[in-house]
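Written out below as structure tokens is the structure these notes cover.
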Amino acid sequence: MFRDRLDAAEQLASRLSHLKGHDPLILAIPRGAVPMGRLIADALEGDLDVVLVRKVGAPGNPEFAIGAVSEDGSVALEETAKHYREEAVNRQIQEQRELLEERRQRYTPVRAPIDPKGRTVVVVDDGSATGATMAAALSTLQSRGPQTLIAAMGAAPPDTVARLEPLVDEVVCLEIDRDFRAVGQYFAEFGQVEEDEVIELLGSEHG
């Protein structure tokens, strides 16, 4: 059990301390992981940016993920997506793509996304239930030529960790739990991170 996201971030930074001095690029999955990413980037003397991915919710049940869409437009759908009408799924995908475009404009309006090519890249999330969002982020980044790709998160079930391992050089997960039900169960405090905080954290200098 973590006190809050920053407690988990401190533990992840400790596990990743060997990256200090290697100019890592920390990519947080908004919004919850951005405060974590800021702390980790500062601790490791690296850069912070966001990797923009959104889960694709099932038509009529948006909390149930049937896939994920990435900032570059690529889509990864789960097997369960086949149970829904293609037209309805495509509508969900388009909505998420438009939201991602809006988010990038809000989060880093005065600069382009930081290029991961040749960098040691750490993708951070507070936790991952199915791994769909994290997998979409990692797949997007793989095509952009990072030197090393690491997935770091607070909590996940073992099958999610196993799903992510082939996509990265390393998975760092603090709590791997067979009885995983929801990410929030591993945090004593798990409040929502607001848009204004994300924008402020992305705009602040590290160090």
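Numerical summary
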read-out: Filter result for residue 66 (in the same structural domain as residue 133 (by TED's automatic domain parsing) and either more than 23 Å from residue 201 (Cα to Cα) or hydrophobic (A, V, I, L, M, F, W, C) (or both)); value: no
read-out: Residue satisfying all of: in the range 40-63; more than 20 Å from residue 131 (Cα to Cα) and small (Gly, Ala, Ser); modelled with the lowest pLDDT among these; value: 60
read-out: Qualifying positions in the range 84-110 - over 20 Å from residue 33 (Cβ atoms) and assigned to a loop (DSSP other than H, G, I, E, B); value: 84, 85, 109, 110
read-out: Residue that is surrounded by the most Cβ atoms within 10 Å (Cβ to Cβ), among those in the range 30-52 that are of a type in the set (A, V, I, L, M, F, W, C) and assigned to a loop (DSSP other than H, G, I, E, B); value: 33
read-out: Filtered residues of the range 53-93 (kept if farther than 30 Å from residue 115 by Cβ, within 18 Å of the chain's Cα centre (by Cα) and crowded, with 20+ Cβ neighbours inside 10 Å); value: 66
read-out: Members of the range 181-194 that are in contact with a helix residue (DSSP H, G or I) (Cβ under 9 Å, 6 or more places away or on another chain) and either surrounded by 13 or more Cβ atoms within 10 Å (Cβ to Cβ) or assigned to a strand (DSSP E or B) (or both); value: 186, 187, 190, 193
read-out: Criterion (in contact with a Leu (Cβ under 6 Å, 6 or more places away or on another chain) and assigned to a strand (DSSP E or B)) met by exactly one of 121, 69; value: 121
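Per-residue answers, yes or no, for (1) under 17 Å from residue 46 (Cα atoms); (2) surrounded by 19 or more Cβ atoms within 10 Å (Cβ to Cβ); (3) not charged (D, E, K, R):
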{"position": "101", "(1), (2), (3)": "no, no, no"}
{"position": "128", "(1), (2), (3)": "no, yes, yes"}
{"position": "134", "(1), (2), (3)": "no, yes, yes"}
{"position": "143", "(1), (2), (3)": "no, no, yes"}
{"position": "166", "(1), (2), (3)": "no, no, yes"}
{"position": "169", "(1), (2), (3)": "no, no, no"}
{"position": "179", "(1), (2), (3)": "no, no, no"}
{"position": "197", "(1), (2), (3)": "no, no, no"}
{"position": "201", "(1), (2), (3)": "yes, yes, yes"}
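The values are calculated or read from the model by the stated rules, or taken from the named source; none is laboratory data. For clarity, every value in this text was computed on a predicted model and none was experimentally measured. Heads up, the Cβs are rebuilt from the backbone with ideal geometry, glycines too, and the neighbour counts pull from every protein chain shown.
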